[in-house]
Amino acid sequence: MRKSIKLLFMLFVLFLLAACGSNDASSENEGNNSGQGGNLTVYSAYPEEHAMEAMNQFTEATGIEVEMIRMSAGEILAKVRAEKNNPQADIWYGSAADTFVAAKEEDLLQAYQSPEAEAIPEQYRDSEGYWTGVYIGAIGFATNKHFLEENGLDAPASWDDLLDPAYKSDIVMGHPNSSGVAYTTLDSIIRAKGGEEEGFEYMNDLDEQIQQYTTSGGAPGRMVGLNEAGAGILLAYDIVKYIEEGYDDIILSFPEEGTGYEIGSVGIINDAPNAELAEQFVDWAVSPEAQEVGQTANNFHNLTHPDASEPEQAADLDSINLIESDPVEAGGRRQEIVERWDNEVNN
């Protein structure tokens, strides 16, 4: 009898423990479904410091934990392509819009019309919600003042200035196969020169001046600052970043005949494992608070949200001859232009 009572008591205790465990699991699931907590994987092309600060602030604001993997824009596009049938990430954060356009055409992105994005000017976002621009970056020239002095040159003020014999084997820029910035540069050249044929004629001439095509589009700025190269072609905000970090020998200039720009964007990867949480990330990323994160991480973007405060060091876009850019057109011909560049210039 005593054994039976003891057995019944033990079964009763086990029942209570199981019920508590079920309630805890149910509460956890309800918390995740409401967007409080959970986990996201983000592929980001932002500089490491900026990306990490953004992830920390997003987690603080939402309770959602983030695993961030930093790659260049071209590397992200290639990885998302490779993972198309088994997506490993939820968010793509911080690459030129033309790479998002290419991804959209390949059915690699998932549309989401964020209510927070309504304030973003239409030219900086996809009409169907596949990507939303969160910053703007103009292509500029970084030159080392000692290099200029030694060669009796002024800072380059046109694309043709870079063809001066003094620059032979002394110019660095990103590699278009890995760098979104580099592709924006190719697109800028084509537009500035008046067409694809004229652009490629110039690219072949410029190739004679190139010391190195770097994996990262921002790396040329540091090389110029260290006097490892005379000039670099990259985004203005990266040039400003290096100057602010103490590379005082760098001079920033822009081509007078016109330069292009990228629209840095955010989007959800198609079939994202955590799509609902990814939507929360997009809502946050397009907000003024998120766009201003760069200022705490030594980044100096021009911003797309009208209510966001740009850093004082950001380029004055009104003083630059910006060539009208169409990210849809640029993204649609990205693969074609890069392949032609590989075959005719980088051979």
Quiz prompt | Members of region 101-114 that are out of contact with any helix residue (DSSP H, G or I) (no Cβ under 7 Å at 6 or more places or on another chain) and in a helix (DSSP H, G or I) | solution = Lys104
Exercise. Kindly indicate the residue of region 60-89 that is under 25 Å from Val181 (Cβ atoms) and among the polar types (S, T, N, Q) and also modelled with the highest pLDDT among those meeting that condition.
Key: Gln88
Quiz item: From the residues in region 57-98 that are within 12 Å of the chain's Cα centre (by Cα) and over 11 Å from Tyr43 (Cβ atoms), which one is surrounded by the most Cβ atoms within 10 Å (Cβ to Cβ)?
Solution: Ala96
Quiz item: Of everything in region 68-101 that's among the hydrophobic types (A, V, I, L, M, F, W, C) and without any contact (Cβ under 8 Å) to a residue 24 or more places away in the chain, which residue is nearest to Tyr124 (Cα to Cα)?
Solution: Ala78
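Can you pull out every residue in region 229-243 that is closer than 17 Å to His175 by Cα and of a type in the set (A, V, I, L, M)? Spell out how you get there, then give the answer.
The initial filter retains those residues of region 229-243 that are closer than 17 Å to His175 by Cα, namely 229, 231-235, 238.
Passing the criteria: Ala229, Ala231, Ile233, Leu234, Leu235.
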Quiz prompt | strands (runs of 3 or more DSSP E) contained in region 215-274 and holding at least 2 residues modelled with pLDDT of 95 or more and either among the basic types (Lys, Arg) or crowded, with 24+ Cβ neighbours inside 10 Å (or both) | solution = 231-235, 261-269
Quiz item: Which condition number does Ser179 fail, the rest of (1) touching a Gly at 6+ places or on another chain (Cβ under 6 Å); (2) of a type in the set (S, T, N, Q); (3) at pLDDT 95 or above being met?
Solution: (3)
Quiz item: How many residues, within region 124-149, are within 17 Å of Val328 (Cα to Cα) and out of contact with any helix residue (DSSP H, G or I) (no Cβ under 9 Å at 6 or more places or on another chain)?
Solution: 1
Quiz item: Is it fair to say Ser309 is in a loop (DSSP other than H, G, I, E, B), at pLDDT 95 or above and small (Gly, Ala, Ser)?
Solution: yes
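Can you confirm whether Ala103 is within 20 Å of Asn177 (Cα to Cα) and small (Gly, Ala, Ser)? Quick ask: steps written out before the conclusion?
Working: within 20 Å of Asn177 (Cα to Cα): yes; small (Gly, Ala, Ser): yes.
It is true that Ala103 is within 20 Å of Asn177 (Cα to Cα) and small (Gly, Ala, Ser).
The values are calculated or read from the model by the stated rules, or taken from the named source; none is laboratory data. The structure displayed is predicted, hence computed values, not measured ones. Neighbour counts are summed over all protein chains in view; Cβ atoms, including those assigned to glycine, are modelled from backbone coordinates with ideal geometry.
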